[in-house]
Amino acid sequence: MPTQMADICGVCLKLPPPLDACLCATSYIWPWRDLIAHLKFHQQPGWAGPLATLMMSAPWVEDTLEAADWVLPVPLSAQRLAERGYNQALLLANKLSPEKTDAQLLLRTRHTPAQRTLPRAERLSNLHGAFAVEPLRVHDIRGKRVVLIDDVMTSGASLHTAARVLRQAGATHISAIVLARTAADSEG
């Protein structure tokens, strides 16, 4: 997983991405798209176990989880959590690393329109100020290795915004593990 300096582009050297690594189990295509929808939108939390097993099978995931101090699910707003009844990222995180998962450390501070409904250019601005580290627990992040967990990465706006907040709080290494990643041309 180590990156060689020759592998880093000029833009990334000037403006480093907020994530040190992002690991993905599969593409956001059939049958995974349908199974994620069952987990996320159709009240079928039982899919979290099999989908977490798929995530665990991706290269470097076990090592990344083992090296982490914290495993943090990308949080949902209170409104979205009430609509769904659970946070699918938290279900996955608890299956991947229950002893390191903490759903109270990274907070969602406000409700935003669903990222999937927005054009790519609006996704980052939509999330501005939407995440925060629990103010009384900033010391728990400082100097730590953090892994963010989410089900799908499209533009990366959610993960990047959350990672910036964690970086500002003093996290030294931030990785993300996602179940599926959309193709670049479907990020419209």
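The values are calculated or read from the model by the stated rules, or taken from the named source; none is laboratory data. Remember, predicted model here, so these are calculated numbers, not experimental data. Here Cβ is always computed from backbone atoms with ideal geometry, including for glycine, and neighbour counts include all displayed protein chains.
Can you run down the residue pairs with Cβ atoms below 7 Å, 6 or more apart or on separate chains, where the first is in the range 27-56 and touching a residue at least 60 places away in the same chain (Cβ under 8 Å) and the partner is small (Gly, Ala, Ser) and part of a helix (DSSP H, G or I)?
Matching pairs, first to second residue: Leu39/Ala48.
Inside the range 118-149, can you point out the residues that are touching a residue at least 60 places away in the same chain (Cβ under 8 Å) and surrounded by fewer than 21 Cβ atoms within 10 Å (Cβ to Cβ)? Quick ask: steps written out before the conclusion?
Filtering the range 118-149 for residues touching a residue at least 60 places away in the same chain (Cβ under 8 Å) gives 119-120, 140-141, 144-149.
Of everything in the range 118-149, those that are touching a residue at least 60 places away in the same chain (Cβ under 8 Å) and surrounded by fewer than 21 Cβ atoms within 10 Å (Cβ to Cβ) turn out to be Pro119, Arg120, Asp140, Lys144, Arg145.
Pull up the range 130-167, narrow it to residues that are in a helix (DSSP H, G or I) and over 17 Å from Asp69 (Cα atoms), then point me to the one that is farthest from the chain's Cα centre (by Cα). Explain how you work it out, then say what you get.
Keep residues of the range 130-167 that are in a helix (DSSP H, G or I), which gives 135-140, 157-167.
Narrowing the set further to residues that are over 17 Å from Asp69 (Cα atoms) leaves 135-136, 157-161, 164.
Numbers: Pro135: 20, Leu136: 22, Ala157: 10, Ser158: 7, Leu159: 5, His160: 8, Thr161: 10, Arg164: 12 Å.
By that ranking, first place goes to Leu136.
Tell me which of these Leu107 doesn't satisfy, since it passes every other one: (1) in contact with a Phe, Trp or Tyr (Cβ under 9 Å, 6 or more places away or on another chain); (2) in a helix (DSSP H, G or I).
The one condition Leu107 does not meet is (2).
Could you give every pair whose Cβ atoms fall below 8 Å, whose first residue belongs to the range 71-96 and is in contact (Cβ under 8 Å) with a residue 60 or more places away in the chain and of a type in the set (Val, Ile, Thr), and whose second residue is in a helix (DSSP H, G or I) and buried (at least 20 other Cβ atoms within 10 Å of the Cβ), counting only separations of at least 6 or pairs across chains?
Pairs that qualify, where the first residue is in contact (Cβ under 8 Å) with a residue 60 or more places away in the chain and of a type in the set (Val, Ile, Thr) and the partner is in a helix (DSSP H, G or I) and buried (at least 20 other Cβ atoms within 10 Å of the Cβ), are Val71/Leu65; Val71/Ala93; Val71/Leu96; Val74/Ala89; Val74/Ser158; Val74/Leu159; Val74/Ala162.
Considering only residues that are of a type in the set (Gly, Ala, Ser) and closer than 16 Å to Leu19 by Cα, look in the range 118-159 and name the one that is modelled with the lowest pLDDT.
Kept after step one, since they are of a type in the set (Gly, Ala, Ser), are these residues of the range 118-159: 121, 125, 129-130, 132, 143, 155-158.
Keeping just the survivors that are closer than 16 Å to Leu19 by Cα gives 143, 155-158.
Values: Gly143: 98, Ser155: 85, Gly156: 89, Ala157: 89, Ser158: 92.
Once the filter is applied, the top-ranked residue is Ser155.
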